[in-house]
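First the structure, in the form of structure tokens, and then the observations on it.
The values are calculated or read from the model by the stated rules, or taken from the named source; none is laboratory data. Source: prediction; values computed, not measured. Here the Cβ is made from the backbone with ideal geometry for all residues, glycine too, and neighbour counts use every protein chain on show. Protein only, heavy atoms only, side chains kept; ligands, DNA and RNA dropped before computing areas. Shrake-Rupley method; radii C 1.70, N 1.55, O 1.52, S 1.80 Å.
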Amino acid sequence: MDALKEQIIAGYEDVRQRIAWAAGRADRDPDEVTVVAVTKTWPAEVVIAAYEVGLRHFGENRAGELEEKRAAVEAVLGPESGIVWHLIGPLQSRKTQMAADAAGTFHALDRLKIARRLSRHLEGTGRTLPVLLQVNISGEDSKHGFDATRWEDDKEQRVALKDVARKIAGKPGLSLQGLMTMAPWQVEKEVVAAVFRRTHALSVWLDDVVPEARWDTLSMGMSDDFELAVEYGATYVRIGRAIFGERR
Ligand SMILES: *Cc1c(COP(=O)(O)O)cnc(C)c1O
């Protein structure tokens, strides 16, 4: 077997073991957690090798790269491979048609304008795109997402989040499933834990006030912090380096 496949098998095994331990600490069933293997910058052959190892969920942070890689992978595996393509990065207006056509689920919905455009592309196609609202909990400038930095204490912020969730939940062609967040980098564990705990609490609150959406999906946790995310209720973890090694 080639070195690439060995790396993926070992990386994926290790990730699954650590998810099982983290789920155990939180009294959760590890089967509630889906690993989205983040293949950005890696070629289609890497996706195919990971597919052969058993992975079915793949994440890309750019619509263009997702579309190209999906086409290259389907040229080999066919369109019925069972792969779900997750667009995990922010989307620009001019790429919404591409995302509506090629993404199986979208994690980084961070503007109403993008929701409107996606809905317009999907309306009448018979397809529904599952979407997650990206929320900015930590307040780090580099983080995209709807402002939720003070949602517990700031009524205006809560009302804004509720309004946007309600509007998105009502859009034809979109299925609002939950929240996505990113923790800040290189901060103490307690700070990361607080971001995940507060995101989970926000989703519980939204479930109460916007019952027309599902709120059963939480996309949080990457290679450096996925165990903590699982302890706080993540259902998708988005993992690149811990499976594939450092990006080239
Ligand atoms: C790249 C990326 C990941 C995966 O990062 P790793 O540190 O390689 O696990 C997860 N989420 C998003 C939005 C990304 O862009």
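A 1.4 Å probe run over the chain, with the rest of the protein chains in place, finds 47 Å² accessible per residue. Counted residue by residue at 0.36 nm each, then reduced by the alpha carbon distance between them, the extension gain from Val76 to Asp27 reaches 13.6 nm.
So which residue, out of Leu77, Leu109, Leu228, gets the largest mean-square fluctuation from a GNM of the chain using Cα contacts under 10 Å as springs? Answer for the Gaussian network model of the chain: Leu77. Estimated at 0.36 nm per residue, the fully extended path between Ser93 and Asp216 surpasses their Cα-Cα distance by 41.6 nm. The GluC sites (Glu not before Pro) of the range 1-99 that meet both conditions, a loop assignment by DSSP and at most 16 other Cβ atoms within 10 Å of the site Cβ, are Glu80. Say R0 is 30 Å: what FRET efficiency, to the nearest 0.05, do Asp163 and Leu4 get from their beta-carbon distance? My answer for the efficiency is 0.05.
Placing dummy labels 7 Å off each Cα toward the beta-carbon, the span from Arg120 to Glu190 is 4.8 nm. In percent, rounded to a whole number, the relative contact order of the range 93-142 is 45, using alpha-carbon pairs under 8 Å and six or more apart.
For the chain, modelled as a Gaussian network with Cα springs under 10 Å, which listed residue fluctuates most, Asp141, Asp216, Asp101? In this elastic network of the chain, the residue with the biggest mean-square fluctuation among Asp141, Asp216, Asp101 is Asp141. Which FRET efficiency value, to the nearest 0.05, do you get for Arg248 and Asp141 by plugging their Cβ-Cβ distance into 1/(1 + (r/R0)^6) with R0 = 35 Å? With a Förster radius of 35 Å, E is 0.80.
Counting helices only, and only those DSSP H runs with n ≥ 4, report the 222 nm mean residue ellipticity of the chain as the sum of -39,500 (n - 2.57) divided by its residues, in deg cm²/dmol to the nearest 500.
The per-residue figure over the chain is -14000 deg cm²/dmol.
Measuring nothing but protein heavy atoms, the accessible surface of the chain at 1.4 Å probe radius is 46 percent carbon and sulfur.
Taking chymotrypsin sites (Phe, Trp or Tyr not before Pro) across the range 120-194, the ones in a DSSP loop with at most 15 further Cβ atoms lying within 10 angstrom of their Cβ are Trp185. In this Cβ point-charge picture (+1 for Lys and Arg, -1 for Asp and Glu), the range 1-84 has a dipole of about 240 debye about its Cα centre.
Farthest toward the dipole's positive end in the chain, which of Gly240, Leu77, Ile168, given Cβ charges of +1 (Lys, Arg) and -1 (Asp, Glu) about the Cα centre? The residue sitting most towards the positive pole is Ile168.
Using C-alpha pairs under 8 Å with a sequence gap of at least 6, the mean separation divided by the residue count of the range 119-248 gives a relative contact order of 22 percent.
In a simple Cβ point-charge model (Lys, Arg +1; Asp, Glu -1; nothing else charged), the chain has a dipole of about 920 debye relative to its Cα centre. Here the contact order of the chain, divided by its residue count and restricted to Cα pairs under 8 Å and six or more residues apart, works out to 21 percent.
For Trp42, the solvent-accessible surface computed with a 1.4 Å probe is close to 10 Å², ligands and nucleic acids excluded. Between Thr41, Thr217, Thr199, the Gaussian network model of the chain with springs among Cα atoms under 10 angstrom shows the greatest mean-square fluctuation at Thr41.
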